[in-house]
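K.L.:
Below: one structure in structure tokens.
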Amino acid sequence: MSFALHHLTRLLTAAMLAVLPVLMAGLFMALAQPGGALAAQQPAPAPPPAPRAMPALVFDLDTGEVLLAHDAGQPWRPASLTKLMTAWLVLREVDAGRLSFDNVFTITPSVVHGVEKGAAKYGVKVGDRMKIGDMLAFLMVRSDADMALALAEAVAGDVDSFVRRMNRVAAALGMSATHFTNPHGMHHPAQVTSARDMALLARDIYRRYLRRHPDWWR
């Protein structure tokens with residue numbers, strides 16, 4: 001199975017799993033209507049609770065104009081958005097000529113054994129050799145935690161040194177509500193950000209790298 005087809009299959013499976021509970025709930029409510037098979041046995045369902053709004057910020061990448069904001073400065077867990085900062089640091093090395101997408105990295109035991117249970121991962125083995133560009137693609141498309149660890153070691157030599165760089169860059173970009181403890185976003189009580197800070201990071205990636213190097217993304 002090709003990578004693209006595999007990724008599409010994962011997306012379709014996730015969509016089906018997300019929609020299935022809604023379909024089942026709709027079927028149950030239909031059966032419970034007057035004349036339905038469950039009407040005599042079940043009371044009318046209670047209205048669902050109001051959805052809880054999460055922090056959000058929508059803005060124009062070119063102008064910086066904010067189009068929508070809700071609790072944009074509220075502390076929040078970055079989860080896989082952490083990988084945007086991991087990618088930022090990789091792109092800086094490539095942009096400066098200190099690293100190339102074609103450079104090959106040899107997978108270490110700390111990469112293989114450093115991924116927490118339940119995390120998405122590519123499944124590399126110790127001694128596997130992968131190109132930086134391929135690892136970055138798997139990081140951003142599949143959100144693989146082991147690729148984040150491998151890229152951290154490729155850039156900084158070890159994960160702790162890489163995380164210190166993440167926090168220095170966050171401070172330099174004005175991400176005042178952000179603190180990173182790992183490069184993949186798995187939960188840690190001290191790892192925190194805000195919608196505003198993630199917007200600053202996304203805008204900088206776009207302006208500093210994507211807009212200047214369109215050939216990287218063709």
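Rule-based calculations on the coordinates, nothing more; no lab input. In this text the structure is predicted, and so the values were computed from the model without any measurement. Ideal geometry is used to build each Cβ from the backbone, glycine not excepted, and the neighbour counts take in all protein chains shown.
K.L.:
Could you derive backbone 3J(HN,Hα) for region 83-91 from the dihedral phi with the Karplus parameters 6.51, -1.76 and 1.60 (θ = phi - 60°), listing whole Hz in sequence and x where the residue is Gly or Pro?
P.N.:
5, 5, 5, 4, 5, 4, 5, 5, 5
K.L.:
Against the empirical 2.2 N^0.38 Å scaling, what ratio does the C-alpha Rg of region 125-173 come to? Don't skip to the answer; put the middle values down first.
P.N.:
On the way: Rg = 11.7 Å, N = 49, 2.2 N^0.38 = 9.7 Å.
The value comes to 1.21.
K.L.:
Same structure, new question: What net charge is computed for the residues neighbouring Lys121, neighbours being all others with C-beta under 12 Å from the C-beta of Lys121, Lys and Arg scored +1, Asp and Glu -1? Could you put the intermediate results ahead of the total?
P.N.:
On the way: positive: Lys117, Lys125, Arg142; negative: Glu116, Asp144, Asp146.
After counting each charged neighbour, the total is 0.
K.L.:
So for each of 204-210, 174-180, 192-198 I average, over its residues, the number of other beta carbons within 10 Å; can you give me the resulting order with the highest mean first? Can you show the working numbers first?
P.N.:
Details: 204-210: 15.4, 174-180: 19.0, 192-198: 21.9.
Peptide ranking by packing, descending: 192-198, 174-180, 204-210.
K.L.:
Could you pull out every residue, at least 5 positions away or on a different chain, whose amide H is within less than 5 Å of the one on Leu99? Hs are placed 1.01 Å off N in the peptide plane, and Pro or chain starts have none.
P.N.:
It is Val94, by chain and number.
K.L.:
If you don't mind, another one. In region 50-111, if every C-alpha pair distance is counted and binned at 5 Å from zero, what percent goes to each bin?
P.N.:
In whole percents, the pair-distance histogram is 4, 12, 12, 17, 19, 11, 9, 11, 5, 1, 0.
K.L.:
For region 170-218, report the % of Cα-Cα distances exceeding 14 Å.
P.N.:
Details: 686 of 1176 pairs.
It works out to 58 percent of all Cα pairs.
K.L.:
More than 23 angstrom separation, counting every C-alpha pair in region 88-180; what % is that?
P.N.:
Working: 942 of 4278 pairs.
Of all Cα-Cα distances in region 88-180, 22 percent exceed 23 Å.
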